[in-house]
Amino acid sequence: MKKIILLMSLFFVGMTFAQNESAGSIATSITTPGPIPGETFRFGPGLVTQLDAGLGFGFTNDRWFSMGRLNTGSQTVYGMRFQLPNRAITMGYQDLGDANPRIQWIGAGSFASSDLEFRVANSFTSTSSTLVATMTNDGETFFGTPFSLSNRAKVGIDFGNTINFSRTGLAINNTVSASGTLASRTGISIQNSGATTSKTGIRVRGSGSGSSNLGVSVNLIGSTNNSGVESFVYVNPAGNTFGVKATAAYFLNTPLTGFGAAVQGFARTVPNLFAGYFDGNVFTTGMYLPSDEKLKKDIKVEENALEKLVQLNTVTYNFKELKELNLPREKQHGFLAQNLEEVFPELIMEINKPVYDKDNKQTGTFAYKAVNYNGMISVLASSLKELNEKSEKRIQQLEKESLQLNDKIEILEAKIASLTGEDASMSETLNAQNNNESEFSMEQNKPNPFTNRTVINYTLPRNTNATISVVDLSGKFVRDYNISGEKGQLVINSSEIGKGIFVYALISNDEVIMTKKMIVR
């Protein structure tokens with residue numbers, strides 16, 4: 001009896017602590033549908049589990065495996081679960097009604113920050129393997145070595161929910177050094193081909209509040225030639241083409257108190273370093289340059305600008321056709337840099353443009369001189385001011401000389417009138433002239449002085465042709481104006497005679513009928 005009790009006890013202990021356990025009876029035959037070829041065992045609907053360590057199927061201290069269908073009360077889970085203490089991985093459907101299967105890993109306690117790894121190995125007996133990809137518990141994915149401060153992933157995708165930390169949506173790290181003509185490295189290569197309505201290589205959108213919103217950030221260092229963004233666009237003659245297109249939009253009706261720019265360039269003001277360099281024509285609908293007094297020091301009034309300006313030679317020219325530069329083909333007006341450099345060396349800069357071959361390798365440099373034409377504006381303005389001041393002084397001097405001349409003429413006329421011996425003959429002569437001049441008249445020009453144009457009213461005898469001649473104060477002939485008709489007007493433009501004090505005379509049949517003075521400012 002004791003033996004029987006002992007055997008029964010051993011049986012129940014074996015049943016209790018055995019690795020295989022069934023909640024129902026074990027099938028002794030395979031029912032329909034028929035067995036699959038090679039099938040040796042079949043389970044009915046339900047859940048197959050294996051308890052590897054522990055006293056139950058718990059989550060904190062036990063180690064177990066399950067496969068099949070599990071009803072949790074609120075949903076029916078279908079798949080596999082591998083459970084270790086405080087950590088597990090499941091594969092399958094969260095619910096039989098779900099359309100998408102899932103791989104899910106769980107961590108608690110010290111394993112709350114555990115990651116999911118994808119590895120590859122070449123041995124069935126060794127535990128060594130190579131890490132291919134890692135998915136972190138906050139939503140990041142790395143292909144290759146996971147991200148760390150000392151070792152970056154080859155490719156990293158950051159779509160986690162960790163807050164208060166910086167995030168990078170896609171990180172690519174090409175760090176393996178190589179040499180040779182074919183040893184190139186491309187972070188992202190996108191081919192958008194095929195006939196479609198619209199194609200976009202990369203689209204970046206940012207929204208939400210924050211102190212900074214940056215679409216594309218480029219940081220290059222170390223190479224001989226660095227290009228942050230390079231664009232090549234084939235021009236379609238029937239459409240519109242832009243190598244780089246940028247828009248800074250503002251649609252509100254309130255004044256803009258911040259600062260905005262569609263394109264911003266920054267470069268230190270050192271030779272051969274430019275915030276923007278364009279090889280070809282540039283068009284703009286507006287341009288402003290910094291000129292605030294608070295930005296400047298050592299301010300001095302431009303002096304002797306006219307004296308310097310007359311040393312320059314203005315020329316017309318056509319640019320040569322050069323492979324190094326894309327220069328305009330139209331006729332040009334301007335200065336020669338070498339001539340301008342002799343007078344205003346601060347307005348000249350030496351440019352050294354790199355020259356590349358068809359494989360985009362630098363083969364040398366092309367040096368040429370460039371002119372700061374904006375710097376000539378103040379020189380021209382100062383020269384015009386000096387010229388105006390000299391003209392005003394000359395006009396004032398001529399007016400003074402004219403008054404002095406009038407005084408001398410009046411004195412001479414008085415002396416002539418006092419000569420009694422010639423009174424009779426002079427009277428007869430003057431009477432004859434008065435009879436002759438009675439049908440001639442020439443009024444004082446209006447306005448006088450004038451700047452642009454003036455008008456002279458005149459009267460002539462019938463069927464008479466005459467001339468109004470203009471001479472300067474030295475008696476030098478300037479210009480003749482033929483007039484006709486009994487009454488008329490003569491319009492004189494300052495561009496026809498110049499500036500200064502002039503005498504104009506009405507002449508008929510080679511006889512001076514009368515004279516007057518006019519002043520052109």
Could you name the aspartates and glutamates whose alpha carbon sits less than 15 Å from that of Lys487, not counting residues in the same chain fewer than 8 places away?
-> Glu437, Glu439, Glu443
Calculated FRET value between Ser227 and Arg102, using beta carbons and R₀ = 51 Å, to 0.05 = 0.70
Scan around Gln94 for amide H atoms under 5 Å from its own, H built in the peptide plane at 1.01 Å from N, and keep only partners 5 or more places away or cross-chain.
-> Arg102
What ranking, highest mean first, results for peptides 72-80, 335-343 when packing means the other Cβ atoms within 10 Å averaged over each residue?
-> 335-343, 72-80
For Lys323, which lysines qualify as cross-link partners when the Cα separation must be under 30 Å and same-chain residues fewer than eight apart are set aside?
-> Lys245, Lys331, Lys353, Lys358, Lys361, Lys369
Averaged per residue, what accessible surface does segment 201-319 expose to a 1.4 Å probe, in Å²?
-> 99 Å²
The lysines whose Cα lies under 18 Å from the Cα of Lys517, excluding any fewer than 8 residues away in the same chain, are Lys400, Lys408, Lys446, Lys476, Lys499
On average, how much accessible surface per residue is there in segment 350-409, in Å², for a 1.4 Å probe, leaving out ligands, DNA and RNA?
-> 71 Å²
Work out, step by step, the length gained on full extension between Ala337 and Leu170: first 0.36 nm times the residue separation, then minus their alpha carbon distance; give nm to one decimal.
-> 55.1 nm
Note, ³J(HN,Hα) from phi for segment 189-196, Karplus 6.51, -1.76, 1.60, rounded to Hz, x at Gly and Pro = 10, 10, 10, 10, 10, x, 7, 9
Does segment 434-521 classify as rounded, prolate or oblate by the C-alpha gyration tensor (a ≥ b ≥ c root eigenvalues; a/c under 1.5 gives rounded; else a/b over b/c gives prolate, otherwise oblate)?
-> prolate
Of every hundred units of 1.4 Å-probe accessible area on segment 241-346, the number belonging to carbon and sulfur atoms, as a percent, is 53 percent
Full-stretch length increase - Val355, Glu439 - with 0.36 nm per residue and alpha-carbon distance subtracted = 22.0 nm
Using a ≥ b ≥ c from the Cα gyration tensor of segment 206-266 (square roots of the eigenvalues), is it rounded, prolate or oblate, where a/c under 1.5 gives rounded and otherwise the larger of a/b and b/c decides, a/b for prolate?
-> oblate
Taking the Cβ of Asn388 as the centre, find all other residues whose Cβ is under 13 Å away and add up their charges (Lys, Arg: +1; Asp, Glu: -1).
-> +3
Long-range amide H partners of Thr464 with built H, under 5 Å = Gly485
Total formal charge among the other residues, if their Cβ is under 12 angstrom from that of Val77, Lys/Arg +1 and Asp/Glu -1 = +1
HN-Hα couplings for segment 484-491 via Karplus (6.51, -1.76, 1.60; θ = phi - 60°), in whole Hz with x for Gly/Pro, come out as 7, x, 5, 9, x, 10, 10, 9
With Cβ to Cβ distances under 14 Å as the rule, what net charge do the other residues near Tyr93 carry (K, R +1; D, E -1)?
-> +1
Expressed in nm to one decimal, what extension gain is obtained for the pair Ser217 and Asn465 from 0.36 nm per residue of sequence separation less their Cα-Cα distance?
-> 80.9 nm
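The values are calculated or read from the model by the stated rules, or taken from the named source; none is laboratory data. All values reported here derive from a predicted model rather than from experimental measurement. We place every Cβ from the backbone using ideal geometry, glycine too, and count neighbours over all the protein chains shown. What goes into the accessible areas is simple: the full protein's heavy atoms, side chains included, and nothing from ligands, DNA or RNA. Shrake-Rupley method; radii C 1.70, N 1.55, O 1.52, S 1.80 Å.
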